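Each remark here refers to the structure printed beneath this line.
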Amino acid sequence: MPGVAGPEQLRCWAARPAPGSKLGPSEASLSPAGLEQLGLAEGEAVALRNDDHTTWAVARVHDHDDALVRLGRMLWPQLAVRPGEPLEAAAVGDLPVAESARITPPYNLTFNLHQRLLERLRDDRTPLYPGNRVLAEIYPGGAGMLVRIDLASPSPSRMGDGTEVELHRADVSVSERLITLADVGGCDSIIRRLRELVELPLLRPAFYRRLGVRPPKGVLLHGPPGTGKTLICKALANELGVTAYRMSATELVGSVQGETEANLRLLFSRALAHAPSLVMIDEFDVIATNRERLASQSDVRAASQLLTLMDGLEEVDGLILMATTNRIQAIDPAFRRPGRFEEEIFVGPPDEAARAEILSIHTREMPLTAQAQDAIAAVAGETGGFTGADLMHLARSAGLEAADRLASGREGFELADSLEGADLAVEPGDLEAALRTVRPSVLRDVVTRTERITWDQIVGLGELKGRLRELGRRAVDPGDTGTDQGVLLHGPAGSGKSALVHALASELGVNFVAIEGSKVYNQWLGESEEAVRALFRRAAEARPSLVMLDHLDALAPVRAGESGERTDERVVSALLASLDDVLATGQVFVVGASNRPELIDEAVLRSGRLGIHLEVANPDSDRRAELLAALAGAHGLQLDADLAAELADSIGGWSAADIVMLAGEAASRAALEDRDMGFDDLVDALPTITRL
């Protein structure tokens, strides 16, 4: 148990709700030892403060059997902590009844709804402190309304019958979730850099004047969608406590001529009038698009107006512009020079440690079992290429899987009653089920084969499988730089090259991207090359990943100098450049497959690209017997070794695909006669297999 900070103060740790706990949204629970240390009885009030002593909350306590303090879901954003971070708990005694309070709802209330809200707050003896937000459950089934309560007195109190309540006008921002840096996981280095660039120039501009330098006035965050760029901006503005102007670039675009420029001038004038202030523009590429590629003069004028306004920031203090985009290549180069957006910070997909931290944040309000909490680290290792938004979706999907599991076979009001108690918990199986359905968002529009082929389903090929597995592990290992080239698998059609690559991706536990030559080519000029670059870019964003170049002879044919349209040359050149980029970056294993390697351009097959060539030959007699036994066993027939060897000798030269088709045909014959498959079915099916 953590050390005690004082006679009426306890050092403890923030923790999730326990499975089966019935904590209210603004309630906390302490262990019996903690209650005794503070001299509190169950149900009394305790003051909770974070380690920086900047945020605190008052909550009613309940006892539980460990030394942590478990928090209701409203206390996480109010205290701005993460699971496992330190808290200080102190007894506040018997809370006095507040003389007056002002309630701000998110929308206008009817008289009856207002009365129900007051009755619930008074019946619950709700602890209050200035500026806190309370979730009052006033609807059937536990649904509630989030309201903000302001007190005339700075000391904590509670709602009572004698409290005079003033209903303030509705404010939609009350219902918005309070975003703090504790809600941002896996971006500690980025946040530290942003605080250096933003905090001192906003709050201490005289420091730079004494040094005789001008602080940066613009910061640009770029990276794939869902990595947390907008979230970081919101959290930083709330953390610094400055005036923040947050808007999407589309909100600035006007419908008439000159309106966009007027909106920009109004935004900057308001920000200057309320300095120190932080201006944040989301989807910045919409309003700062490259002027050389535009046909609309209104967009050119808007970009020029913004450039002029940014130049004017050098003469003022207390205003910084932050922008986010996932299309940094679309932004006009004039914005990216020193003096405007001097700092460009890349926010990429999180690594394994960052993914575990993000999952911990998104599951902090869930009652996880001890096994589920231990499984988070394993899930983080299996989610390479997932962005923060993907991990949020994964955590939500795990909760929905738990709800489906607990609610199976129950309906109506019985469902809500049955979901209370010790069985209300999220288990490791729910996380595993969610992991099977959630894919990285960067790969959603990449068509890949959905079925999973396991490594054990590939019969034989022991030496080849071992070589491939070793090369793949070294390629996707972030700490190993020994493998900087891909592999070409070649051999006759049907020998199992594609199946081997799919099984390798499953064995390595990496994201899988398949690029087929016939699906890359497009009728429009430049689209084929862009398709190749886009697929490799997605694979790099989803690293660790495996890229399969299927039918490589169609994707990268031998270039002929006398070609007319030169489409093949452009596609091959794009492929070569993309290969060099991803292999140099690492954690992307590239495997090509072809049954006509002599037709592939030699620049693709040289050392440093697909420089390792491995042959996948048709199965020999022993492997044919193994395949027959394995496939027959999958259909319920235990094939004798001698019979398997005899049949294998009679199908010499058959490929693995032919043998798979033979077993399927035999099983179909048996199924039509509603009986189990036998050896005679295999023999009878031999003449029906047409081989080329």
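The values are calculated or read from the model by the stated rules, or taken from the named source; none is laboratory data. Here the structure is a predicted model, which is why all the values come from computation and not from measurement. Don't worry about glycine lacking a Cβ; one is built from the backbone with ideal geometry, like all the others, and counts go over all protein chains shown. Surface areas here come from the heavy atoms of the whole protein model, side chains and all, with no ligands, DNA or RNA. Shrake-Rupley method; radii C 1.70, N 1.55, O 1.52, S 1.80 Å.
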Worksheet item: Kirkwood hydrodynamic radius (Cα pairs, Å) of the range 200-300?
Response: 15.6
Worksheet item: Mean 1/r over all different Cα pairs, inverted: what Kirkwood radius does the range 578-692 give, in Å?
Response: 16.8
Worksheet entry | Inter-probe distance in nm under a simple model that places probes 7 Å from Cα toward Cβ, at L211 and E85 | 2.7
Item to complete: Could you tell me what fraction of 2.2 N^0.38 Å the Cα radius of gyration of the range 528-591 comes to, as a two-decimal ratio?
Response: 1.16
Response to the item:
For G254, the net charge from surrounding residues (Cβ-Cβ under 14 Å; K, R +1; D, E -1) works out to -2
Worksheet item: How far apart, in nm, are two points set 7 Å out from the Cα along the Cα-to-Cβ line at D351 and at S668?
Response: 5.2
Discussion item. Just to check I understand the Karplus step: with θ = phi - 60° and J = 6.51 cos²θ - 1.76 cosθ + 1.60, what whole-Hz values come out for the range 77-92, glycine and proline as x?
Written reply: x, 5, 8, 6, 10, 10, x, x, 7, x, 9, 10, 10, 9, 6, 10
Practice prompt. Give the angle, between 0 and 90 degrees and rounded to the nearest 10, that separates the Cα long axis of helix 527-541 from the longest principal axis of the Cα atoms of the chain.
Written response: 60
Worksheet item: What does the charge count near V591 come to, summing +1 for each Lys or Arg and -1 for each Asp or Glu among other residues with Cβ under 11 Å from its Cβ?
Response: 0
Response to the item:
Taking Cα atoms only, helix 497-508 is inclined relative to the longest principal axis of the chain by an angle, in degrees rounded to 10, of 30
Practice prompt. Grab the Cα-Cα distance for A41 and R293, subtract it from 0.36 nm times how many residues apart they are, and report the gain in nm with one decimal.
Written response: 83.8 nm
Item to complete: Express as a percent, rounded to the nearest 5, the fraction of DSSP beta bridges in the range 56-184 (both residues included) that run antiparallel.
Response: 70
Practice prompt. With a 1.4 Å probe and every protein chain left in place, work out the accessible area per residue of the chain in Å², rounded to a whole number.
Written response: 48
Item to complete: Compute the acute angle (0 to 90°) between the alpha-carbon long axis of helix 641-650 and the principal axis of greatest extent of the alpha-carbon atoms of the chain; round to the nearest 10°.
Response: 60
Worksheet entry | Radius, Kirkwood style, for the range 282-384 when every pair of distinct Cα atoms is counted (Å) | 17.1
Worksheet, complete the sentence: For the range 183-336, percent of DSSP beta bridges that are antiparallel (nearest 5) comes out at 5
Response to the item:
If each part is reduced to its alpha-carbon centroid, the range 504-542 and the range 291-361 end up apart, in Å, by 28
Worksheet item: Per Stokes-Einstein, at 20 °C and 1.002 mPa s, what whole-number D in µm² s⁻¹ belongs to the chain, with the Kirkwood radius over Cα pairs as the hydrodynamic radius?
Response: 71
Worksheet item: Packing-wise, with mean Cβ within 10 Å as the measure, how do 504-512, 679-687 rank, highest first?
Response: 504-512, 679-687
Response to the item:
Counting sequence-distant residues (5 or more places) and residues on other chains, those with an amide H built under 5 Å from that of E343 are G218, L220
Practice prompt. Using per-residue counts of other Cβ atoms within 10 Å, averaged over each peptide, order 622-630, 651-659 from highest down.
Written response: 622-630, 651-659
Response to the item:
Highest mean packing first, using Cβ neighbours within 10 angstrom, the peptides 358-365, 132-139 sort as 358-365, 132-139
Worksheet, complete the sentence: Note: the range 27-149 at 20 °C, 1.002 mPa s; Kirkwood Rh on alpha carbon pairs; Stokes-Einstein D in µm²/s works out to 138
Response to the item:
Excluding ligands, DNA and RNA, the carbon-plus-sulfur percentage of the accessible area of the range 111-202 with a 1.4 Å probe reads 48
Practice prompt. Quote the Stokes-Einstein diffusion coefficient, in whole µm² s⁻¹, for the range 289-330, based on the Kirkwood radius over alpha carbon pairs, a temperature of 25 °C and a viscosity of 0.890 mPa s.
Written response: 204
Item to complete: Give the long-range amide H neighbours of D63: residues separated by 5 or more places, or on another chain, with amide H under 5 Å away, using H modelled in the peptide plane at 1.01 Å from N.
Response: L30
Worksheet item: Magnitude of the Cβ-charge dipole of the chain, K/R +1 and D/E -1, about the Cα centre, nearest 20 debye?
Response: 2680
Fill in: Under the Karplus curve 6.51 cos²θ - 1.76 cosθ + 1.60, θ = phi - 60°, whole-Hz ³J(HN,Hα) for the range 335-351, x wherever Gly or Pro sits
6, 9, 8, x, x, 10, 8, 6, 10, 10, 10, 8, 10, x, x, x, 7
Worksheet item: Out of the DSSP beta bridges found with both residues in the chain, what percent are antiparallel (nearest 5)?
Response: 40
Item to complete: Please give the FRET efficiency for R596 paired with M247, using the beta carbon to beta carbon distance and R0 = 56 Å, rounded to the nearest 0.05.
Response: 0.50
Worksheet entry | For M280, solvent-accessible area (1.4 Å; no DNA, RNA or ligand), Å² | 10
Worksheet item: What is the distance, in nm, between label points placed 7 Å from the Cα along the Cα-to-Cβ direction at N108 and at E164?
Response: 2.6
Fill in: Proximal lysines to K234, defined as alpha-carbon separation beneath 19 angstrom and excluding residues fewer than eight positions away on the same chain
K217
Response to the item:
Cα convex hull volume per residue for the range 453-597, in Å³, equals 109
